[in-house]
Amino acid sequence: MTDDKDVLRDVWFGRIPTCFTLYQDEITEREAEPYYLLLPRVSYLTLVTDKVKKHFQKVMRQEDISEIWFDYEGTPLKWHYPIGLLFDLLASSSALPWNITVHFKSFPEKDLLHCPSKDVIEAHFMSCVKEADALKHKSQVINEMQKKDHKQLWMGLQNDRFDQFWAINRKLMEYPAEENGFRYIPFRIYQTTTERPFIQKLFRPVSTDGQLHTLGDLLKEVCPSAVAPEDGEKKNQVMIHGIEPMLETPLQWLSEHLSYPDNFLHISIIPQPTD
């Protein structure tokens, strides 16, 4: 992969200032103060909120506590989506800090998966990494790795260790010199305006005549409504990691540098904010 280490570092260390507040109907023995945290964009809510959980449980009785879950403005937050994706999709036009509500009862079974332990997060994360490598290298790279390499990827993410994670992840970002990129680009496109969770299709980084496909090419093919007509006004923002990459950016470069740790490009299509 082309080594833009600074880009990888900036993506990894992206943080969202967040204010956690206990839901007003939760029963407490004394007033629950809000809890402030810088959330890592590349991680998962249930992986980085142990302190939040402990903070609010201190003012509650044990019998009033069941599984923790979070919402933003009434929308339950899916823990298996990376934090940065949740923010871009639901809150990118709102002021900071991001205001998240904490719940300990009435778990929304229809909207959220249960997350009883860190093992569940690890299993979800590793299944995404394996799916991404199936698309990129027919699973050859991930299958050649040892169990300890898989563990190092996970521990790097869990413990926020950039170098530990990338020592292994860089192997997943390589491809043979005679090819111009991966077999297919692992991506998911999310929109709040549809019921469909996300769009995911097979898409090659290089066209049959050897041209590098761009972000714009991908959107025109799989989500044409996201791209403004040449003479029309821009109705949507296309966001990855809180920024709007230029539509001319090669998809292969984006996949190597702006993928989340699960090796997918998580792309949010959100309505253009009105001033």
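The values are calculated or read from the model by the stated rules, or taken from the named source; none is laboratory data. Everything numeric here is computed off the predicted structure, so don't read it as measured data. We place every Cβ from the backbone using ideal geometry, glycine too, and count neighbours over all the protein chains shown. With ligands, DNA and RNA removed, areas are computed over all heavy atoms of the protein, side chains included. Shrake-Rupley method; radii C 1.70, N 1.55, O 1.52, S 1.80 Å.
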_Crossing angle, helix 118-137 versus the chain [Cα axis fit, 0-90 degrees, rounded to tens]_ = 10
*Using alpha-carbon pairs under 8 Å, 6+ residues apart, how would you state the relative contact order of the chain in percent?*
19
*What angle do you read, to the nearest 10 degrees and between 0 and 90, between the alpha-carbon axis of helix 162-172 and the longest principal axis of the chain?*
40
*Just check the stretch 79-178 against the gyration tensor rule for me: Cα atoms, a ≥ b ≥ c as the square roots of the eigenvalues, rounded for a/c under 1.5, and otherwise prolate or oblate depending on whether a/b exceeds b/c.*
prolate
_I need to check one value: relative contact order of the stretch 130-275, counting alpha carbon pairs closer than 8 Å and at least 6 residues apart, in percent._
23
*Helix 147-158 versus the longest principal axis of the chain: what is the Cα-based angle in degrees, 0 to 90, to the nearest 10?*
60
*Computed [θ] at 222 nm, deg cm²/dmol, the chain (DSSP H ≥ 4; -39,500 (n - 2.57); rounded to nearest 500)*: -9500 deg cm²/dmol
*Hey, if you put +1 on the Cβ of every Lys and Arg and -1 on every Asp and Glu Cβ in the stretch 165-219, which of PHE182, THR192, THR208 ends up farthest toward the positive end of that dipole?*
THR192
*What percentage of the solvent-accessible surface of the stretch 122-275, computed with a 1.4 Å probe over protein heavy atoms, is contributed by carbon and sulfur atoms?*
49
*Where the stretch 14-54 is the region considered: accessible area per residue in Å², 1.4 Å probe*: 54
_Förster radius 25 Å - calculated FRET efficiency between ASP111 and GLN57 (Cβ-Cβ, nearest 0.05)_ = 0.65
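Explain nothing, just the number: relative contact order of the stretch 59-196, from Cα pairs under 8 Å at least 6 residues apart, as a whole percent.
Taking the mean separation of contacting Cα pairs over the length of the stretch 59-196, I get 22 percent.
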*Measure off 7 Å from each Cα along the Cα-to-Cβ vector at GLU248 and GLU144, then give the distance between these two points in nanometres to one decimal.*
3.6
*By its C-alpha gyration tensor, with a ≥ b ≥ c as the square roots of the eigenvalues, how is the stretch 150-240 shaped: rounded for a/c under 1.5, else prolate for a/b larger than b/c, else oblate?*
oblate
*Collect residues whose amide H, placed 1.01 Å from N in the peptide plane, falls under 5 Å from the amide H of ILE16; neighbours closer than 5 in sequence don't count.*
LEU39, ARG41
_Which listed pairs, of LYS78/LYS118; LYS118/LYS151; LYS201/LYS234; LYS53/LYS105; LYS148/LYS171, have C-alpha distances above 18 Å, in listed order_ = LYS201/LYS234
*Which FRET efficiency value, to the nearest 0.05, do you get for HIS80 and GLU221 by plugging their Cβ-Cβ distance into 1/(1 + (r/R0)^6) with R0 = 41 Å?*
0.95
*Enter the accessible area per residue of the stretch 142-203 (Å², integer; probe 1.4 Å; all protein chains in place).*
57
*For the stretch 88-140, what does the alpha-carbon gyration tensor say about shape, rounded, prolate or oblate, given a ≥ b ≥ c as the root eigenvalues, a/c under 1.5 as rounded, and a/b over b/c as prolate?*
oblate
*Using a 10 angstrom cutoff on alpha carbons, build the Gaussian network for the chain and name the most mobile of ARG161, ARG183, ARG61.*
ARG61
*Let me know the longest stretch in the chain that avoids all GluC sites (Glu not before Pro) found in a DSSP loop with at most 11 other C-beta atoms within 10 Å.*
110-177
*Measuring from label point to label point, each 7 Å out along Cα→Cβ, what is the THR192 to THR21 span in nm?*
1.8
*Go ahead and set up a Gaussian network model of the chain, Cα springs under 10 Å, then flag whichever of VAL222, VAL11, VAL42 fluctuates most.*
VAL222
*Surrounding net charge for LEU202, when Lys and Arg each add one and Asp and Glu each subtract one, Cβ distance under 12 Å*: +3
